[in-house]
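Engineer: Once you've had a glance at the structure underneath, I'll fire off some questions.
The values are calculated or read from the model by the stated rules, or taken from the named source; none is laboratory data. What you see is a predicted model, and the numbers here were worked out from it, not measured in a lab. Glycine gets a Cβ as well: all are built from the backbone with ideal geometry, and neighbour counts include every protein chain shown. Surface accessibility is based on the protein's heavy atoms, side chains included, excluding ligands, DNA and RNA. Shrake-Rupley method; radii C 1.70, N 1.55, O 1.52, S 1.80 Å.
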Amino acid sequence: MAEPQTASAMARETAEIPAAVERLSARTEIFAVIAERIEQAKPRIVVFCGRGSSGHVGVYLRYLFEARLGLLASASAPSVVTAYRRPPDMRDALFVVISQSGRSPDIVTATQVARKYGALTLAIVNDENSPAVAASELVLPIGAGAEHSIAATKSVVLSMIAGALLVAALARDDDLNDCLHHLPVRLSNALACDWSVWADSVAGAPAAFVVGRGYGLGCAREIALKVSEILRIPALGYSAAELRHGPRASISPATPVLVLRQNDQAAAAVDDLIRDLDDAGEKAFIAGGAAGTLPWIGDGHPVCDPVLMLIPAYRAIEAAARRRGFDPDNPPYLSKVTRTL
């Protein structure tokens, strides 16, 4: 990939992901301990709480908890307790707060209230000394280390992998666990995938779309967010199914579509969409599968592949931003700790 000469913090931190995942996956004891505590609690529902990229981690984990564990999952709406002040009954719930900083007032308050009203609370965080940790009964530190780029990369991937490792422990899924422990090699290989043709197309477009389904939806939304905040191009992340319920009308050859395809039961709907986009002459870029048009490392475990696809997407967005004279480490109107309530 042809890149500007000076490396950004975002580029360095993306390159650090394989080593950080290797360190995380070696900490098997903490996943066993947390899994045992969750099994003792026997939750009937799992509620995920996070904003921005952490919210996209929650979408990814929702599919894992429902599809791999059979547990009903939902997303928390912090304003229910911070603005409307109507705390719901959280008995028999597992409340999972996901945050890089653990300091956003709304998610901290939501976690405190969830615990007060009966939930078992788990914090998946990078900062072990944060208020979100203090509010939670269980803590799963991701160990990503310092992130100097305002736009999170390393902590996003580490949070997804931490959640997946926990699901593997709860499900006693040896196949998934084996895949996750061998992930650093595939992550390193993904660093070499050059998606600049897609990012450069997006950088000159009025808007862009990113599409995934199932395990790929949270990652599709995460890539769309990075396009919006770093390339400053409006971008929307959709399910391949949801796209057909109206938003498909907004796609034209002027609006590039990135399609993430993992090889599982959701692939048929994604393949149908790819054919539709191709027949209509739209500008589609495909990651994964036989119809893939972007460089890829080949299909692996469907739980892991969408997370792996974040790596070349991050790298391509970072390089395209610098070619346009943007600072990928400091998007406008964004701070490392977003203090919403």
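Engineer: Could you state, as a whole-number percent, how many of the C-alpha pairs of the range 82-196 are farther apart than 17 Å? If you can, show how the numbers build up before the last one.
Structural biologist: Values: 4086 of 6555 pairs.
Summing the P(r) tail past 17 Å for the range 82-196 gives 62 percent.
Engineer: So, one more: Grab the Cα-Cα distance for L69 and D89, subtract it from 0.36 nm times how many residues apart they are, and report the gain in nm with one decimal.
Structural biologist: 4.9 nm
Engineer: Summarise the accessible area of the chain (1.4 Å probe, protein heavy atoms) by the percent that is carbon and sulfur.
Structural biologist: Details: 6870 of 13760 Å².
Percent of accessible area from carbon and sulfur atoms in the chain: 50.
Engineer: Could you sort Y333, Y238, Y84, Y63 by their accessible area in this structure, using a 1.4 Å probe and putting the largest first? Could you put the intermediate results ahead of the total?
Structural biologist: On the way: Y333 230, Y238 55, Y84 165, Y63 80 Å².
So, going from the largest accessible area down, we get Y333, Y84, Y63, Y238.
Engineer: In the full protein assembly as shown, how much of D279 is accessible to a 1.4 Å probe, in Å² to the nearest 10?
Structural biologist: Answer for D279: close to 130 Å² accessible.
Engineer: For the chain, modelled as a Gaussian network with Cα springs under 10 Å, which listed residue fluctuates most, R51, R323, R86?
Structural biologist: So, out of R51, R323, R86, the one fluctuating most is R86.
Engineer: Roughly speaking, what is the stretch gain from H245 to L334, that is 0.36 nm per residue apart minus the C-alpha to C-alpha distance, in nm to one decimal? Walk me through the intermediate numbers first.
Structural biologist: Numbers: separation 89, 0.36 × 89 = 32.04 nm, distance 3.15 nm.
That pair, H245 and L334, stretches by 28.9 nm at full extension.
Engineer: Taking 25 Å as R0, compute the FRET efficiency from the Cβ-Cβ separation of E39 and E137 and round it to 0.05.
Structural biologist: That pair, E39 with E137, gives E of 0.95.
Engineer: Here's something else I'd like to know. Place a +1 charge on the Cβ of each Lys and Arg in the range 125-179 and a -1 charge on the Cβ of each Asp and Glu, then give the dipole magnitude about the Cα centre in debye, rounded to the nearest 20.
Structural biologist: In debye, rounded to 20, the range 125-179 gives about 160.
Engineer: Only helical DSSP H runs with n ≥ 4 go in: add -39500 (n - 2.57) per run for the chain, normalise by residue count and round the 222 nm mean residue ellipticity to 500 deg cm²/dmol.
Structural biologist: The helix contribution divided over the chain gives -13000 deg cm²/dmol.
Engineer: With every protein chain left in place, what is the accessible area per residue of the chain in square angstrom, probe 1.4 Å?
Structural biologist: Spelled out: the 1.4 Å probe surface of the chain, per residue, equals 40 Å².
Engineer: Report the label-to-label distance for E128 and R324 in nanometres (one decimal), using points 7 Å from each Cα along the Cα→Cβ vector.
Structural biologist: 3.9
Engineer: From largest accessible area down, sort S155, S335; use a 1.4 Å probe on the protein chains.
Structural biologist: Numbers: S155 5, S335 55 Å².
Ranked from most to least accessible, the order is S335, S155.
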